[in-house]
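Q: Let me begin by handing over the structure; questions about it come next.
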Amino acid sequence: MIQLDEKLYFYLLFIIPVIIVIFLLLLIWKKRTQKKFADSKLLKRLTPSRSYYKGTLKLIFFLLGLSALIMGLVNPKIGTKLETVKREGVDIVFAVDVSKSMLAEDIAPNRLEKAKRLVSEIINQLASDRIGIIAYAGQAFPQLPITTDYGAAKMFLQSMNTDMLTSQGTAINEAIELATTFYDDEEQTNRVLFIISDGEDHSEDSTMSAVEEAVDEGITIYTIGVGSEKGSVIPIKRNGVMESLKKDAQGLVVITKLNEEVLTEISNEGNGAYIDGSNTDAAVEFIKEELLQMDKKEFEAKQFAEYKDQFQWFLGAGLLFLFLEIFILDRKTKWLKKLNLFNEKHPE
């Protein structure tokens, strides 16, 4: 397992293409200047020991040394031991609505991006809880099973979009039914499901029965509303440019509104609470307090321990390349000249 200590230093690698461009421009300038001074045959006679390839070789060694030093600053670490550690936490599943109505921009930048930010901020507040992610529209899809890998959770979260499920609509019952299969620990006393949605539900009758079944299995359901009661149109975009507005079967422009009533009913029946997602900080703080009050269960998790610094290898390699670069002279080396590795023509 590799861990990068200071990823910020990766930006220094942008210096390398700049150096290459400067080197090429300098090479072009030198050739033009030399042509004004004398033709190529005369230059070879005037500078018989000058190598036309060592300049490039010096640059390669310098760039390799610089790259290695930058990697040393990043300080890659390697986990050398996999340990089983004891943790205490709650099992949490996030069900994120990815139906087309989540593209509405009545909450900036749009409902789906707001939902993803909410989940990401909640994850930032967690310490040792296990989390899972579900994407749902007309059907539900398991995005990430229960895990303690928060980095992977955020990666999967950011990849979610409204095109990932071909079956459109909003079937909250599908998400709840799938969530009940996520909790793999029968002894876990606190199982929490967060439904992040605009509340549009095309399966209201079966949703409440799904809520009852979830409660029977010890799952507490919280709902987070994203959107506005005033509502908004649903833009259809391609490459970030709006092409049209979503219309219904009659050709009328669809106006989608936040349905707090449905979300409140689900959370009340699920022994949880409805949370207004318009204010991210307030919503995250409320959820943090709710989770703190819950009983935690101890469980085992495997993680890499004893991470060892590897920066010294990169610093050593970097200094070696820079040291070698210093001793590469522009003139031809006598024994290399005899070998003629670069097939250079020597003036008579």
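Q: Applying the Karplus parametrisation 6.51 cos²θ - 1.76 cosθ + 1.60 with θ = phi - 60° to the phi angles of region 311-317, what ³J(HN,Hα) value in whole Hz is obtained for each residue in order, glycine and proline being reported as x?
A: 4, 4, 5, 5, 5, x, 5
Q: Which GluC sites (Glu not before Pro) does region 154-196 hold that lie in a coil by DSSP with at most 14 other beta carbons within 10 Å?
A: Glu186, Glu187
Q: For region 91-302, calculate the relative contact order in percent as a whole number, restricting contacts to Cα pairs under 8 Å that are 6 or more residues apart.
A: Working: 430 pairs, mean separation 48.3, N = 212.
Relative contact order for region 91-302 comes out at 23 percent.
Q: How would Thr189, Thr56 line up by accessible area, probe 1.4 Å, largest first? Provide the component values of the computation, followed by the final result.
A: Numbers: Thr189 95, Thr56 65 Å².
Reading off the accessible areas and sorting them downward yields Thr189, Thr56.
Q: Here is a further query. Taking a probe of 1.4 angstrom, what is the accessible area of Leu69 in Å², to the nearest 10?
A: 40
Q: Sorted by accessible area (1.4 Å probe), largest first, how do Ile275, Ile19, Ile326 line up? Present the calculation step by step, with values, prior to reporting the outcome.
A: Values: Ile275 10, Ile19 40, Ile326 110 Å².
Ranked list, largest accessible area first: Ile326, Ile19, Ile275.
Q: Ok, one more. Can you tell me the FRET efficiency between Val18 and Tyr150 if r is taken as the Cβ-Cβ distance and R0 is 35 Å, rounded to the nearest 0.05? Kindly include the intermediate steps, with their values, before the conclusion.
A: Values: r = 36 Å, r/R0 = 1.02.
Calculated value: 0.45.
Q: Ignoring any ligand, DNA or RNA, what whole percent of the accessible area of region 91-302 comes from carbon and sulfur when the probe is 1.4 angstrom?
A: Details: 4420 of 9800 Å².
Answer for region 91-302 is 45 percent, counting heavy atoms of protein chains only.
Q: Just to verify a number: what accessible area does Met208 come out at with the full protein assembly present, 1.4 Å probe, Å² rounded to tens?
A: 40
Q: Report Tyr150's accessible area, 1.4 Å probe, all protein chains in place, as a number in Å² to the nearest 10.
A: Its accessible surface works out to 40 Å², give or take rounding.
Q: For region 91-302, report the accessible area per residue in Å² (1.4 Å probe, heavy atoms, rounded to an integer).
A: Values: 9800 Å² over 212 residues.
Dividing the accessible area of region 91-302 by its residue count gives 46 Å².
Q: Tell me, Kirkwood radius of region 91-302 from alpha-carbon pair distances, in Å?
A: Values: mean 1/r = 0.0580 Å⁻¹.
That comes to 17.2 Å for region 91-302.
The values are calculated or read from the model by the stated rules, or taken from the named source; none is laboratory data. For clarity, every value in this text was computed on a predicted model and none was experimentally measured. FYI the Cβ positions are ideal-geometry reconstructions off the backbone, even for glycines, and counts take in every protein chain you see. Each accessible area value is taken on the protein alone, full model and side chains, heavy atoms only, with ligands, DNA and RNA left out. Shrake-Rupley method; radii C 1.70, N 1.55, O 1.52, S 1.80 Å.
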